[in-house]
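Here's the structure, in structure tokens; my notes come after.
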Amino acid sequence: MGWKMKFLDALTRKLAKWMYWTAGLAIVLMMLLTCADIFLRLCVTLLHHYGWKFLGPLRPIPGTYELVCYLGAVAASFAMAHTSIENGHVAVSLVVRLFPQRVQGIIAVFTDSLGFYLFCMISWRSILYAEDLKRSGEVSLTLQLPYYPFVYGVGFAAAAVCLVLLTDFFKNLNKAIGK
Amino acid sequence: MSLTTIAIIGLITLVVLLFSNMPVGFVMGVLGFLGFSYVVNMHAGLNLLARDVFEMFSSHGLTIIPLFVFMGQIAFHCGISRRLYDSAYVLIGNRRGGLAMATVAACAGFSAISGSTNATAATMATVTIPEMKRYNYDMSLATGTVAAAGSLGILIPPSVIFIVYGILTQQSIGKLFAAGILPGILLSILFLLTIYLRVLKNPDLAPPGPKTSLREKIRSFLGVFETLLIFGLVMGGIFFGIFTPTEAAAAGAFLTLSLAVVRRQISWQGFLKSLADTTRISCMVMVIVTGAVIFGHFMAVTRLPYNLAQWVSTLPLPNSAIMGIIILVYLLGGCFMDALAMIMLTIPIFYPVAVALGFDPIWFGVVIVLITEMGVITPPVGVNVYVVYGVIEDVPLETIFKGVFPMLLALLVCNLILLIFPQIALFLPSLMR
């Protein structure tokens, strides 16, 4: 592997790992936010039932539903690159394993190219979709939060998967040509 | 080219690509996108891709997955599995086959807080097999029991498969969870019965474990307490309409984490490992579901599922025979494919057929989960068998598969009972608001 490839590989791994922990943080926030909302809803119920006035200032968090959806988008999309590096996606390797290394390399080059094409399209169209949403000023119902930054986020995350698949492509190409 | 021909070409390409080691979600995504673009037009296909991906990733229904997976991972890292097994061990371990029976009971208990078969099998194999080895259990019985009972993870709620089935078919996740409880208990009893009969025929397979006092038996209930508390909060909350499934998942994860922190049963490293595994597993599930949705849109524009459903409903065959064929397809497919991937691939095609034939969608969900449970323990791709093999290492694969065989019969019997008495699955959902 040349130094350019090594640099690209190291850069991709670092970026993917950073995004992975951001995704993990989004999951923890989803849990805490939902639990806080349940707790505050319970407080309001207690206030109505028993008239406990000290609970008066407490209200459920407005827009929890929307925030959880946005955090879900961050959790799923930002974890994609690292999950690909870790081979965490479900794949059926039963047949491919029967072939010699070189044929395995050729098949992997083909499947990496297809995956690269898919994620390039997702990235490109997500960015265009985000620009559309930005122009039209579309916002969420309760918090009036704009959607577009999260759609940009998905586009960025898909671009990171492209990087992972590109480095895999070169590694498998070497395997295919017997290097 | 007719739309049906395009759909069939799409399906054949899908099968070919699936065996190329390309991630299942990517295969479904790329073929769905290309097929949709071919049938409608490229511009519509590109728009569909961006919208489907964002809509699925930000779907409120799907946020339940990382939260339930997190709950299971925390439970795994804080040793709940060990305490469950210890309780079952003290209660029934002194009988012949008791340790294997305790394994089934502990797997059923752990399934009540974990939604994955692999996690349940891996956790329980680590805890139970060394103990059964110590008491000279036949390794085929020991490993086969863990591999098979681990499959309860997707039947007893919470279950990742029920969640994605509910999202794809627009069925209530709460009702699906409730529908899995009685069949889960029934299957656990059938597993216990299988062990009992095997040991009755050949007592050397499983010698009795150590005797325990009544005091120890009473104290052992403490080990089940936290599981009951978490399961009660989650399922009780959903069942009585206090929580939405997402809220129940968040509350369950928070309670599991809080109990682990208060009892000092989880380290910072354990927490980070739980979070990292949760992120990876959730992402894997979300990518498959999103791929299935894109592929489902391609299938929908070709109208293949609807035409197939219509054609099947006019066949001069009884509905039960058609259901039998569907079950056979799942059974064979499950031998070669991951349970989740298999369900994602087939739902867009078989679900409309099942509904057109008048089968209850909730019941159908339970049946296909039961069948895919067989898939996780049948060769050549019995994932749970490989998981147990990976954990134990010194037991040959053939031995584990041999031990799994009698349990497969229990699964078949459970399926037959459910086909004859669908009420077993539908009773609890019928009580829900």
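The values are calculated or read from the model by the stated rules, or taken from the named source; none is laboratory data. Values in this document were obtained by computation on a predicted structure and should not be read as measured data. Don't worry about glycine lacking a Cβ; one is built from the backbone with ideal geometry, like all the others, and counts go over all protein chains shown. With ligands, DNA and RNA removed, areas are computed over all heavy atoms of the protein, side chains included. Shrake-Rupley method; radii C 1.70, N 1.55, O 1.52, S 1.80 Å.
Summary of values
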| read-out | value |
| --- | --- |
| Rounded to 10°, Cα long-axis angle of helix A:148-176 versus longest principal axis of chain A | 20 |
| Cα→Cβ-extended label distance, 7 Å offset, between residue B:214 and residue B:40, nm | 7.1 |
| Reach of residue A:171 by Cα under 17 Å, taken over aspartates and glutamates that are not fewer than 8 positions away in the same chain | A:9, A:86, A:112 |
| Kirkwood-based shape ratio for the stretch B:223-382, expressed as Rg/Rh from alpha carbons | 1.07 |
| Acute angle (nearest 10 degrees) that the helix B:383-392 long axis makes with the longest principal axis of chain B, alpha-carbon atoms | 40 |
| Accessible area per residue in Å² at 1.4 Å probe, computed on chain B | 37 |
| Furthest towards positive pole of dipole, A:98, A:119, A:83, structure part chain A, Cβ charges | A:98 |
| Cα extents of chain B along the three principal axes, largest first (Å) | 73, 47, 44 |
| Chain B - mean residue ellipticity at 222 nm from DSSP helices (-39,500 (n - 2.57) per run, n ≥ 4, rounded to 500) | -26000 deg cm²/dmol |
| Chain B: angle of helix B:319-336 to the longest principal axis, Cα-based, in degrees nearest 10 | 70 |
| Debye log10 I(q)/I(0) at q = 0.13, 0.15, 0.19, 0.24 Å⁻¹ for the stretch B:161-248, Cα point scatterers | -0.71, -0.83, -0.99, -1.18 |
| Binned Cα-Cα distance frequencies in the protein assembly as shown - 20 Å width, integer % | 19, 53, 26, 2 |
| The stretch B:152-202 - convex hull of the alpha-carbon atoms, volume per residue in Å³ | 61 |
| More than 17 angstrom apart: percent of Cα pairs within the stretch B:216-276 | 50 |
| Straight-distance crosslink candidates among aspartates and glutamates, where the alpha carbon sits under 19 Å from residue B:217 and sequence neighbours closer than 8 are dropped | B:86, B:131, B:226 |
| P(r), alpha carbons of chain A - 5 Å bins starting at zero, rounded % | 1, 8, 12, 14, 14, 12, 10, 8, 6, 5, 4, 2, 2, 1, 1, 0 |
| Integer Hz, Karplus 6.51/-1.76/1.60 couplings in order for the stretch A:38-50, x for Gly and Pro | 4, 4, 5, 5, 4, 4, 5, 4, 5, 4, 5, 6, 10 |
| Length-normalised contact order of chain B in % [C-alpha pairs under 8 Å, at least 6 apart] | 26 |
| Translational diffusion of the stretch A:37-96, µm² s⁻¹ [Kirkwood Rh, Cα pairs; Stokes-Einstein; 37 °C; 0.692 mPa s] | 215 |
| Potential extension, residue B:300-residue B:329 segment - 0.36 nm per residue separation minus Cα distance | 8.3 nm |
| Relative contact order, percent, the stretch B:36-123 [alpha-carbon distance under 8 Å, six or more residues apart] | 25 |
| Expected 222 nm ellipticity per residue - DSSP helices of 4 or more, -39500 (n - 2.57), all of chain A, to 500 | -26500 deg cm²/dmol |
| Two-decimal Rg to Rh for the stretch B:1-142 - Kirkwood Rh, Cα set | 1.22 |
| Residue order for A:7, B:364 - accessible surface, 1.4 angstrom probe, largest first | A:7, B:364 |
| Rg/Rh for the stretch B:335-433, where both radii come from Cα atoms and Rh is the Kirkwood radius | 1.06 |
| Candidate lysines for bridging to residue A:175, where Cα separation is under 30 Å - those fewer than 8 sequence places away on the same chain excluded | A:4, A:6, A:14, A:17 |
| Percent breakdown of C-alpha pair distances by 5 Å bin, ordered from the shortest bin, for the stretch A:17-71 | 4, 20, 21, 16, 13, 10, 8, 4, 2, 1 |
